[in-house]
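Participant: What follows is a single structure, and I will ask about it in a moment.
The values are calculated or read from the model by the stated rules, or taken from the named source; none is laboratory data. Model, not experiment: these values are computed from the prediction. Here the Cβ positions follow ideal geometry from the backbone for every residue, glycine too, while neighbour counts run over all protein chains shown. To get the accessible areas, we keep the full protein, side chains included, count just its heavy atoms, and leave off ligands, DNA and RNA. Shrake-Rupley method; radii C 1.70, N 1.55, O 1.52, S 1.80 Å.
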Amino acid sequence: MKDTLRYLAGIAGPSGYGSKTTAQQVADNSSSPLHRLTAIITGATSGIGAETARVLAKRGVRVVIPARDIKKAAELKEGIENENPNVEIMLFEIDLSSLASVKRFCTQFLALGLPLNILINNAGIFSQNLEFSEDKIEMTFATNYLGHYLMTEMLMEKMVETAEETGIQGRIINLSSVIHSWVKRDCFSFTQMLNPNNYNATRAYAQSKLANILHAKEVARQLKARNAKVTINAVHPGIVKTGIIRAHKGFITDSLFFIASKLLKSTSQGASTSCYVALSPQAQGLSGKYFADCNECNCSALANDELEAQRLWRQTRAVIHRRLRYQFPTSS
């Protein structure tokens, strides 16, 4: 009850920020020289991804947007440039549900020889019906988790290299959700997430968001073992007024949505935690953590299970190798 009241009132937590904090406020309070940074943001053509891109670009970050809909990405770029003509935004085409497409984007980006300081794995879908990607993997899991796993693996060495050369800590952010805690251990089956027998849209979404946290936990462990100057964390943006919420038919009825909408965050408030973990000096050195409302908080016991995180990481690596015949770097 205390946490709920704190959320509704927007009372600041230990970081000095709370549920009412906006992404712009976080960026404005960052003392780091942001004009030297390069960030990749997935899912940046709408919602909190677009707001994150706008705020970072406005502060001088070179923003790279891999997008499925290049037309929408170009419209976003034009809108941000109209606000500030000096921004630097680069667009690439990608289908996150396609392993081949993710590999192609990463290869194209790495060929440019640019540094990479920030990777925000923001994109997410909520698929009402059972659909499969071109790799024959359930669409929600393929888009929300598998594509981001491969992207992170392929760009990791560039981030480690950039951090070593610049002395600026690299930061990876996985977008998760509080509903990861709805997943029970006996329902978290890798083979069922790839190809479910009995599809439930809300369960598939929650499982993908749990996987995002477990991914952050395991990669954080590996980075720490390497003594790499790169962190990875998971964030819950809050329940935000975005298209993905409107897709939750059956999960939230129209009448309940009307009531809940009075408690929803704005897009700028929803983007604040991603920006906090990506930019704030207070997040320096923190890795393998879970954040909400710009403050570190607790995730579920299953999300904290190190053995589960390691098992998921190995299983994911194996299925990507089988589907893509991709040889992962040995240092990963």
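Participant: Within region 306-328, does at least one residue satisfy the condition of being open to solvent by less than 70 Å² (accessible area, probe 1.4 Å), assigned to a loop (DSSP other than H, G, I, E, B) and at pLDDT below 95?
Facilitator: Taking every residue of region 306-328 in turn, at least one turns out to be open to solvent by less than 70 Å² (accessible area, probe 1.4 Å), assigned to a loop (DSSP other than H, G, I, E, B) and at pLDDT below 95.
Participant: Just checking, how many residues over region 47-90 are within 16 Å of Phe109 (Cβ to Cβ), open to solvent by 30 Å² or more (accessible area, probe 1.4 Å) and among the aliphatic types (A, V, I, L, M)?
Facilitator: Result for region 47-90: 2.
Participant: Right, another one. Could you please find all residues in region 176-200 being within 26 Å of Lys289 (Cβ to Cβ), open to solvent by 60 Å² or more (accessible area, probe 1.4 Å) and touching a strand residue (DSSP E or B) at 6+ places or on another chain (Cβ under 8 Å)?
Facilitator: Scanning region 176-200 gives a single hit, Val178.
Participant: If you don't mind, another one. What tally of residues in region 296-305 results from selecting those that are surrounded by fewer than 16 Cβ atoms within 10 Å (Cβ to Cβ) and either of a type in the set (A, V, I, L, M) or touching a Lys or Arg at 6+ places or on another chain (Cβ under 6 Å) (or both)?
Facilitator: Matching residues across region 296-305 total 1.
Participant: Search region 191-219 for residues that are free of Cβ contacts under 8 Å to residues at least 24 places away in the same chain and pair each with any residue that is open to solvent by 10 Å² or more (accessible area, probe 1.4 Å) and in a helix (DSSP H, G or I) when their beta-carbon atoms are under 9 Å apart and the residues are at least 6 apart or on different chains.
Facilitator: Thr191/Gln315; Gln192/Gln207; Asn198/Gln192; Arg203/Trp182; Arg203/Cys187
Participant: Of all residues in region 104-139, count the ones that are in contact (Cβ under 8 Å) with a residue 60 or more places away in the chain, open to solvent by 10 Å² or more (accessible area, probe 1.4 Å) and under 17 Å from the mean Cα position of the chain (by Cα).
Facilitator: Qualifying residue count, region 104-139: 5.
Participant: Would you say Pro237 is touching a Gly at 6+ places or on another chain (Cβ under 6 Å) and either open to solvent by 10 Å² or more (accessible area, probe 1.4 Å) or modelled with pLDDT of 95 or more (or both)?
Facilitator: Yes; evaluated as a whole, the condition is true for this residue.
Participant: Given the criteria of a type in the set (A, V, I, L, M, F, W, C), open to solvent by 50 Å² or more (accessible area, probe 1.4 Å) and modelled with pLDDT of 95 or more, does Ala225 qualify?
Facilitator: Details: of a type in the set (A, V, I, L, M, F, W, C): yes; open to solvent by 50 Å² or more (accessible area, probe 1.4 Å): yes; modelled with pLDDT of 95 or more: yes.
When the stated conditions are applied, Ala225 passes them.
Participant: Restricting to region 161-175, count the residues that are under 28 Å from Leu146 (Cβ atoms), assigned to a helix (DSSP H, G or I) and open to solvent by 10 Å² or more (accessible area, probe 1.4 Å).
Facilitator: Residues that pass the stated criteria total 1.
Participant: State all residues of region 184-224 that are within 14 Å of the chain's Cα centre (by Cα) and of a type in the set (S, T, N, Q); if no residue qualifies, say none.
Facilitator: Ser208, Asn212
Participant: Looking at Met139, Met156, which one is in contact with a Phe, Trp or Tyr (Cβ under 7 Å, 6 or more places away or on another chain) and either closer than 25 Å to Ile41 by Cα or not hydroxyl-bearing (Ser, Thr, Tyr) (or both)?
Facilitator: Working: Met156 fails: in contact with a Phe, Trp or Tyr (Cβ under 7 Å, 6 or more places away or on another chain).
Testing whether each residue is in contact with a Phe, Trp or Tyr (Cβ under 7 Å, 6 or more places away or on another chain) and either closer than 25 Å to Ile41 by Cα or not hydroxyl-bearing (Ser, Thr, Tyr) (or both) leaves just Met139.
Participant: If you check every pair at least six apart or on different chains, which have Cβ atoms under 6 Å apart with a residue in region 285-302 that is at positive phi first and a residue that is of a type in the set (Phe, Trp, Tyr) second?
Facilitator: Cys294/Tyr17; Cys294/Tyr276
Participant: Which of the following residues is modelled with pLDDT of 95 or more, surrounded by 14 or more Cβ atoms within 10 Å (Cβ to Cβ) and closer than 21 Å to Asn122 by Cα: Ala44, Ala27?
Facilitator: From the options Ala44, Ala27, the qualifying one is Ala44.
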